[in-house]
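This report concerns only the one structure given below.
FYI, it's all coordinate maths here, none of it is from the lab. If you're wondering where the values come from, they're calculated on a predicted model, not measured in any experiment. In this analysis, Cβ positions are derived from the backbone assuming ideal geometry, glycine residues included, and neighbour counts consider all displayed protein chains.
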Amino acid sequence: MIYGLAGNPTKSAIWGPVAQTIDWLREHDLDFWIHDPIAKGLLEHDYSPDGLVNDRRVDDIAAASDLVLSFGGDGTLLRTAHQTGPNDTPLLGVNIGRLGFLADIEVDQLPDALQCIEAGEYTVEERIALQVQTSNQQAFDSEWAVNEFVLNRSGSAGLIKVKVAVDGTPLNTYWADGLIIATPTGSTAYSLSTGGPIITPGVDAIILTPIAPHTLTVRPMVLPADATITCRVLGDELPYVFAADGRSTLFDTFQNEFRIRRAAHTVNLVKLPGQHFFHTLRSKLMWGAHRSSDPSEGAFPAGERNDEYGA
């Protein structure tokens, strides 16, 4: 197995774990490459035993590796997926962030995780992605997304109107702060915070979640993954933003049509024994946790943080 080391160079907390991982890989005589931005940061932090970093740095980390380790949080893993492009190379997120729905391996678990991988004790989950085309051919910062596409107002206090059709049949005209078109992977991201449903990763579906809709009867909707969704922003009073996994493109032309469908490629995530989406939900969202009524014990005293399933 050839490992690729990638991550978020703006996070100061990654340098120790990355250096320790390199030391561990060398100690176990395992091959690896270092993504150029991470190599640069290691050199700036005076880590390069025997000139190792310059010898092992590479620009296309996905092409050079069998598996990429992404150090950071969920946002970092998304950026790593976009940096590596549409590629089959599996990604393993090492969490140095907060929630970690995607980057669900903690730093102290990484040596055990690598041993499992070397023993072949892992699976690869194929997560669906979305792709977009626009009628005026304006260039996007990214034309595909792992989590979601978002049509959003561009900072003005006004709402936007988004006319939506599914497979050519009109669905609704959303009058709202915006509209999220999410994958099951993205169901625990922006869509969740705006009231969208949680979808398990294995379900082939696309979620439409309006952001603060003007009409209370407008609810999130789950569509088949093979649906083609057409969105058109109506009106001409303000520009708007189209974002792919947080990468925003400003549009100031109206009546532009966005055609969104399932992408031809998937994003492949490494899963280790004992990992399960339900466990992640219980752990990260603290479902079933018992809050103490005694202030001296803190919010979750010892022995009461875990839920009824013992997670």
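I'd like the distance between the alpha-carbon centres of segment 15-72 and segment 216-268, rounded to an integer number of Å. Computed from Cα coordinates, the inter-centre distance equals 37 Å. In the chain, helices alone account for a calculated mean residue ellipticity at 222 nm of -5500 deg cm²/dmol, with every DSSP H run of four or more residues adding -39,500 (n - 2.57).
Across the chain, counting alpha-carbon atoms alone, Rg and Dmax equal 21.5, 65 Å.
On the beta carbon distance between Thr228 and Glu44, with R0 = 41 Å, the FRET formula returns roughly 0.30. Taking 0.36 nm per residue of separation and subtracting the Cα-Cα distance, full extension of the segment from Asp167 to Cys116 would add 14.0 nm. Shape annotation for segment 3-157: C-alpha extents along the principal axes are 53, 36, 29 Å, from largest to smallest.
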